[in-house]
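Reviewing the structure listed below.
The values are calculated or read from the model by the stated rules, or taken from the named source; none is laboratory data. Because the structure is predicted, anything quoted here is derived from the model rather than measured. Reconstructed Cβ throughout: ideal geometry from the backbone, glycine too, with neighbour counts over all protein chains shown.
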Amino acid sequence: MSKFLQGNEACVEGALAVGCRFFAGYPITPSTEIAEGMAKKLPRLGGRFIQMEDEIASMGAVIGASLCGTKALTATSGPGFSLKQEHIGYAVIAEIPCVIVNVMRGGPSTGLPTSPAQSDVMQARWGTHGDHPAIVLTPSTVQEYFELTVKAFNLSEKLRTSVILAPDEVIAHMRERVEIPDQVNIINRKLPSNSVDKSTYKPYKVEKDDEVPVIPNFFDGFRFNVTGLYHDETGFPTASPSIVEKCIKRLHNKVGSAYEEIKGIEIDLPKDCDVAVLSYGSTFRSARQAARELNAGHVKLTTLFPFPEKEIRELASKIKTIIVAEMNLGQIRLEVERAVAGKASVVGVNIANGLLISPDPIKEKIKECRI
Amino acid sequence: MSDITNHLRMDKFPHIWCPGCGNGIILRSVLTAIDKLGLDPNNVAVVSGIGCSSRSAGYVDFNTVHTTHGRAITFATGIKMAKPEKTVIVLTGDGDCSAIGGNHLIHAARRNIDLTVVVFNNSIYGMTGGQFSPTTPQNDIAATSPYGNLDNSFDLCELTRAAGASYVARSTTFHATQTPLLIQKGIENKGFSFIEVVTACPVYYGRLNKTPDAVDMLKLQRDNARNIKQWNMMTDEEKQGKFVIGELYNKPAPEYTEKYTQLIEREKSK
Ligand SMILES: Cc1ncc(C[n+]2csc(CCOP(=O)(O)OP(=O)(O)O)c2C)c(N)n1
Ligand code: SF4
């Protein structure tokens, strides 16, 4: 079915299609349409919506619902995203699936509430405390917003972790035609089989160092413990350095091992091109146009983290310069620099004043690089 | 007394609490109430925050979550929304539920969502080493009020009642037979129930305020607590330095998740 949808509406459609049946949130521009859509549609599908007293509470409620096996979503923007951070880390260490949409607007602080930005890239990666992995997706069309919402839920269920979906304000508010399939691919978290001995079951037990534990849902008869403290395979707190080390490494490894499935990178390199423009989100359209006009390469990211280091390093061996265009002062550019490790030069086109990046400054930069 | 060991995770003992701490008495009261009600442990979730008192969740054999500081009620709200037919009990400290978590407490009470919140009120932050909390009486000494506490203190029962809780009660660890009954009624109430249990942290609060002995602290609870019936006949002067215990408020009201279920029924047919 084809529909003409606003980005945030497409997110609602994607979430419902993949089986999300709980939403907790707190209003904030430019994400609020997601809460409004869920408030309207969830009860009709037998799901539940709650407007909590703040973003911290919303994130807590999302984890609580997910503990019971209900796919849960919350949506917010800049300042609210900051408030959710403690619980985003909780979901990582306790391995509770959940999806957080952060519609990026201009910051710091209340900043530019109604203008687009891509300024929460590093907040999405490192906002919660500790040495955690992160999965961060970002759409550049409304169609992708729908698809990445589905992907975010599937990854969160499969890997039992929090997944962040970070569209910018333009994608969230823009209207485009969206092709909605009759059925989307749905991955549900693995549950222990009914034949296991529930009284001795170890919810966090794994065999391999990159494995996702098979944790039961609450009220299924297992009566286990969940904590934000480091814990052993039974789910009870421990400070044993060897167990802690295994745990944090496994949390990273399970994401690392699923890299091929998580990654989202499209590379378009015309013959004999010396420069490539890398972009994501709404910046992508301008970047692609500039690149096409000047026979430069183009790279689009739909997964920001885990960062596609290998792919970018390979790219760097084929060209002289990578131009990173983003609506911030260079957050992904630093990642690109790290990945290319001096093999190519990296420059940025950065606008962080609430305006979109048009093709012109990107074209200027391409020409500059060729002088 | 009922045998509550079947509700304990005996392999998790010894517990972390100091000798003389009142937390064990409250935990026994909670388990006694659950036992009396004959609840199937598989249908009970116990949710706690962070603090000495919040370590309780790990010791009891239910679906347990040890959450983040102050946010137990938010997790519990999500659990209750996802599984409205289950019993959800929150075990929390005074700092946990009334300082960092104060807003969640107010709003859960306002919604009258069917949670039973038991606060272990030791008038201090135990786990972090005896800093003053919102329930530390004025002028008392704490690690962060070495010259006496300047803050006014909270009456959490008045607060939750005003916010919309449908059941409110207070007890103490001295009143060990009354406490389980109050918690039991709280669990039975279909709505937000708040039970404050005044308890002792002899190690920090007691030591800093000239009552380092746990038994002396229990005696103070005995001497200063007045039953609601008695309390209602006391003059303001007589109430000085005393506090009221018992069932303080019990007025059933429409419950949040039930209202939502009705909404689903209405909208689903459309
Ligand atoms: C966000 C956050 N802030 C501060 C702390 C540190 N902290 C841990 S327990 C605690 C106080 C606990 O006091 P209370 O809730 O009264 O419980 P008690 O230990 O007295 O039982 C604090 C401040 C924390 N864990 N998380
Ligand atoms: S510090 Fe106080 S509240 Fe904490 S366990 Fe010791 S006595 Fe109990």
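Filter segment A:4-49 down to the residues that are among the hydrophobic types (A, V, I, L, M, F, W, C), over 17 Å from A:Lys151 (Cβ atoms), part of a helix (DSSP H, G or I) and more than 14 Å from chain B (Cβ to nearest Cβ) and list them by number.
Within segment A:4-49, A:Ala35 is the sole residue that qualifies.
Only residues that are assigned to a helix (DSSP H, G or I) and over 19 Å from A:Val92 (Cα atoms): list them for segment A:151-174, please.
A:Glu169, A:Val170, A:Ile171, A:Ala172, A:His173, listed by residue number.
Could you check segment A:51-131 for helices (runs of 4 or more DSSP H) lying wholly inside it with 3 or more residues that are within 14 Å of chain B (Cβ to nearest Cβ)?
A:55-67, A:78-94
Would you point out which residue out of B:Lys86, B:Lys80 is in contact with a Phe, Trp or Tyr (Cβ under 7 Å, 6 or more places away or on another chain) and more than 16 Å from ligand 2 (Cβ to nearest atom)?
B:Lys86
When residues of segment B:118-154 are filtered for being within 16 Å of ligand 1 (Cβ to nearest atom), away from every other protein chain (no Cβ under 14 Å) and part of a loop (DSSP other than H, G, I, E, B), how many remain?
So the count comes out to 21.
Note down all Cβ pairs under 7 Å where the first residue falls in segment A:330-355 and is of a type in the set (Lys, Arg), the second is not in a strand (DSSP E or B), and they're at least six residues apart or on different chains.
As it stands, the answer is A:Lys343/A:Arg313; A:Lys343/A:Ala316; A:Lys343/A:Ser317, since those pairs meet every condition given.
Only one of these is touching a helix residue (DSSP H, G or I) at 6+ places or on another chain (Cβ under 7 Å) and modelled with pLDDT of 95 or more: B:Gly241, B:Gly206. Name it.
That would be B:Gly206, the only listed residue that is touching a helix residue (DSSP H, G or I) at 6+ places or on another chain (Cβ under 7 Å) and modelled with pLDDT of 95 or more.
Tally up the residues in segment A:264-308 that are within 13 Å of A:Pro359 (Cα to Cα) and of a type in the set (Asp, Glu), please.
1
For the structure I just gave you, tell me whether B:Ala82 is farther than 21 Å from B:Glu196 by Cβ and buried (at least 24 other Cβ atoms within 10 Å of the Cβ).
Spelling it out, B:Ala82 is indeed farther than 21 Å from B:Glu196 by Cβ and buried (at least 24 other Cβ atoms within 10 Å of the Cβ).
What pairs can you find where one residue is in segment B:74-96 and more than 12 Å from B:Gly191 (Cα to Cα), the other is assigned to a strand (DSSP E or B) and charged (D, E, K, R), and their Cβ atoms are less than 7 Å apart, with a gap of 6+ or different chains?
Cβ pairs passing all conditions: B:Met81/A:Arg48.
Suppose we filter B:Gly93, B:Gly70 for residues that are at positive phi, crowded, with 21+ Cβ neighbours inside 10 Å and within 9 Å of ligand 1 (Cβ to nearest atom); which single one remains?
B:Gly70
Inspect segment B:14-34 for any residue being in contact (Cβ under 8 Å) with a residue 60 or more places away in the chain and within 14 Å of another protein chain (Cβ to nearest Cβ) and give the result as yes or no.
Checked segment B:14-34: at least one residue is in contact (Cβ under 8 Å) with a residue 60 or more places away in the chain and within 14 Å of another protein chain (Cβ to nearest Cβ).
Can you tell me which residue is farthest from the other protein chains (Cβ to nearest Cβ) among those in segment A:192-228 that are hydrophobic (A, V, I, L, M, F, W, C) and without any contact (Cβ under 8 Å) to a residue 40 or more places away in the chain?
Within segment A:192-228, the match that is farthest from the other protein chains (Cβ to nearest Cβ) is A:Val214.
Search segment A:232-278 for residues being over 16 Å from the mean Cα position of the chain (by Cα) and of a type in the set (Ser, Thr, Tyr), and hand back the single one that is surrounded by the fewest Cβ atoms within 10 Å (Cβ to Cβ).
A:Ser242
Can you name the residue in segment B:52-74 that is assigned to a helix (DSSP H, G or I) and within 16 Å of the chain's Cα centre (by Cα) and, of all such residues, is nearest to the other protein chains (Cβ to nearest Cβ)?
B:Thr74
Enumerate the helices (runs of 4 or more DSSP H) found wholly within segment B:173-269, keeping only those where 3 or more residues are over 30 Å from B:Ala143 (Cβ atoms), more than 16 Å from ligand 2 (Cβ to nearest atom) and within 14 Å of chain A (Cβ to nearest Cβ).
It comes to B:256-268.
Given the criteria free of Cβ contacts under 8 Å to residues at least 12 places away in the same chain and in contact with a helix residue (DSSP H, G or I) (Cβ under 7 Å, 6 or more places away or on another chain), does A:Phe307 qualify?
When the stated conditions are applied, A:Phe307 does not pass them.
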